[in-house]
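Since every read-out is calculated from the coordinates, none of them should be taken as a lab result. Keep in mind the model is a prediction, meaning the values are calculated, not measured. Heads up, the Cβs are rebuilt from the backbone with ideal geometry, glycines too, and the neighbour counts pull from every protein chain shown.
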Amino acid sequence: MVVRITGTGSCLPEKRMDNFEIARMVDTTDEWIQSRTGIKARHIAQEETAVFLAVTAANRALEDAGIPAEEIDLIIVSTLSSEQMLPCTACSVQEGIHAKNAAAFDLNAACSGFIVAFQMAVGQMEAGLSKNALIIGVECLSNILNWKDRGTCILFGDGAGAAVISARSGERKPEIPMVLHSDGSRGGVLTCRNLFGKSREENPDGYVAMDGREIYKFAVRKVPEVVEEILEKAGSSAQEIDYFLLHQANRRIIQSIAKHIGQPEEKFPMNMMENGNMSSASIPVLLDEINKEGKLKRGMKLVVAGFGAGLTWGGFYLEW
Ligand code: ACO
């Protein structure tokens, strides 16, 4: 069996909010944000919902893959910030794209969510339970940000990215090298406690709260480790990899990882400059951007890796 990504799509909200606009809300500057994070702007949902963004990204991915929605048998949506808990966002996407034959569910592994969704879909394919899966990372993080906290509101953005994964019978390739880790004992460094109907005044913990320095240290230590693990499983070397697609939290984090792995920055595409950190949507939106720019050629070798709240981290190796 051969598993491939056959189509990608994305959707960003219309409203672009640059750093200057944020500097009118909290005590910060464009210079501070850009120099610490690389972020210049982000998109913020106003009229758009997570379901709308996900459905639009999904339709674009289906079009790119050239398959009708009825052939999708599995939809996995990764989100931590959808407006709705029930029905799950994946079921609303199923309805929105008319994928009548799909099983659908959501998962939450924060910024590692797209990695986890990919691994779950491949697992279902390996078990013979799916042939064409649609995986989506969608976030409306602006729903859960405290717009008075300059430590967090400057970092995040909204958006959705989708990928169609297809399994085709044929010569059996070695399994897709994948790794996944969690450390719940360190969950306190990035939290957002559910509101369950309470107002923000009643529950101030309902906003994203973060120990930025701890996450920074965690990311620059764990991502190179996980890349090494993936390369070892793939029997490949960093030199052989065409692109490293990493979670787009912060340019300095990615530069530090590139240096650690000993590879040039050009191999690490970035989009946080215009999109901010979109949690589980960051990687699939980046994948769609470089795909649509024609940068991905058949047979190219990719390492995709992410990290996030939980704590969670992981990744996979893929030939395009
Ligand atoms: N504008 C101006 N000053 C600020 C701002 C701001 N927006 N935010 C903080 N400061 C101030 C602080 O108050 C502090 O002032 P002080 O020295 O007088 O106390 C000073 O700037 C330095 O603050 P630090 O927090 O030490 O700044 P640091 O260089 O660590 O940068 C940052 C902060 C950008 C958040 C960094 O730690 C980071 O990127 N961490 C990783 C965060 C992350 O990736 N989170 C999400 C990952 S998981 C996921 O994606 C869900």
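Roughly how big is the chain's charge dipole about its Cα centre, with Cβ charges of +1 (Lys, Arg) and -1 (Asp, Glu), in debye to the nearest 20?
It works out to roughly 540 debye.
Straight distance only, please: which lysines reach the Cα of residue 217 with their own Cα at less than 27 Å, same-chain residues fewer than 8 apart left out?
40, 148, 233, 259, 267
How are the alpha carbon pair distances in region 251-318 distributed across 10 Å bins from zero to the largest one, expressed in percent?
Result returned by the calculation: 16, 53, 29, 1.
Please compute the Kirkwood hydrodynamic radius over the chain, one decimal place, Å, based on all pairs of different Cα atoms. Intermediate values should be presented prior to the final figure.
Numbers: mean 1/r = 0.0512 Å⁻¹.
Here the Kirkwood hydrodynamic radius works out to 19.5 Å.
Can you find, among 268, 236, 290, the residue sitting farthest towards the positive end of the charge dipole of region 206-295, where Lys and Arg contribute +1 and Asp and Glu -1 at Cβ?
268
With a cut-off of at most 13 other beta carbons within 10 Å, and DSSP calling the residue loop, which trypsin sites (Lys or Arg not before Pro) in region 19-118 qualify? Please list them.
Working: sites: 24, 36, 40, 42, 60, 100; in loops: 24, 40, 100.
Sites meeting the loop and neighbour criteria: 24, 100.
Can you bin region 123-202 into rounded, prolate or oblate? Criterion: square roots of the alpha carbon gyration tensor eigenvalues sorted a ≥ b ≥ c, rounded for a/c under 1.5, prolate for a/b above b/c, oblate for the rest. Don't skip to the end; give the middle numbers.
Numbers: a/c = 2.83, a/b = 2.30, b/c = 1.23.
Prolate.
Would you work out the charge dipole size for region 273-320 about its Cα centre, treating the Cβ of every Lys and Arg as +1 and the Cβ of every Asp and Glu as -1, and quote it to the nearest 20 debye? Walk me through the numbers on the way to the answer.
Values: 5 positive and 5 negative charges, 47 e Å.
For this selection, approximately 220 debye.
Would you please put 249-258, 64-73, 114-123 in order of how densely packed they are, using the mean number of other Cβ atoms within 10 angstrom per residue and starting with the highest? Can you show the working numbers first?
Numbers: 249-258: 20.2, 64-73: 17.3, 114-123: 24.5.
Result, highest mean first: 114-123, 249-258, 64-73.
For every helix of n ≥ 4 consecutive DSSP H residues, a contribution of -39,500 (n - 2.57) applies; sum these over the chain, divide by its total residues, and give [θ] at 222 nm rounded to the nearest 500 deg cm²/dmol. All intermediate terms of the calculation are to be shown ahead of the outcome.
Values: 9 runs with 101 residues, N = 320.
After summing the helix terms and dividing by residue count, I get -9500 deg cm²/dmol.
Below 13 angstrom from the Cβ of residue 79, what's the summed charge of the other residues (Lys, Arg +1; Asp, Glu -1)?
Values: positive: none; negative: 83, 106, 139, 158.
Residues close to residue 79 contribute a combined charge of -4.
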